[in-house]
1. Starting from the Cα of L39, step 7 Å along the direction of its Cβ; do the same at L57; then give the gap between the two resulting points in nm.
2. Taking 0.36 nm per residue of separation and subtracting the Cα-Cα distance, what length does fully extending T22 through E49 add?
3. Could the peptides 94-100, 10-16 be put in order, highest first, of the mean number of other beta-carbon atoms found within 10 Å of their residues?
4. How do Y45, Y36 line up, fewest other C-beta atoms within 10 Å first?
5. Stretched out fully, how many nm does the piece from N64 to R105 gain, at 0.36 nm a residue minus the Cα gap?
6. I want the local charge near M61. Using Cβ-Cβ distances under 12 Å, sum +1 for each Lys or Arg and -1 for each Asp or Glu among the other residues.
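Bear in mind that the values in this text are calculations on the coordinates, not laboratory data. As the structure is a prediction and not an experimental result, all values here were calculated from the model. Cβ: placed from backbone, ideal geometry, glycine included. Neighbour counts: every protein chain shown.
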Amino acid sequence: MPQFRLPNQRVAIVSICAYGETEPVRIIGTENHQVYAELHGYDLYQVTEKSQIKANLASQMDINDGRHKPFFWKVNVVRTKPALDEKTAGTLRTALFVGADIFLRPFCWFKTM
């Protein structure tokens, strides 16, 4: 498994999952993203409700303005969620957006395929 990490570089996984609380994709996907983030020391930002998505005023993007379709939700989340978190403010260098139905695997697992 790769161990190299640039000093003072923070990585975040950002995900939106608007499926119902009992939907398998939400349960399994959420757990998978949590485990993967913990395994690699990444920050994790999971959004499960539209109300958790803040407007990105700098980009004039507000998902509640009636003009921006749900596709733009991820743009707002990637641009605002990590920036609002005190522990990553100014130190986050990479944000990886993954959909709720994306299942992450440790890199070393690919060697066994």
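1. 4.0 nm
2. Values: separation 27, 0.36 × 27 = 9.72 nm, distance 1.42 nm.
Separation in residues times 0.36 nm, less the Cα-Cα distance, equals 8.3 nm.
3. 10-16, 94-100
4. Y36, Y45
5. On the way: separation 41, 0.36 × 41 = 14.76 nm, distance 3.42 nm.
That works out to 11.3 nm of additional length.
6. Summing Lys/Arg as +1 and Asp/Glu as -1 gives +3.
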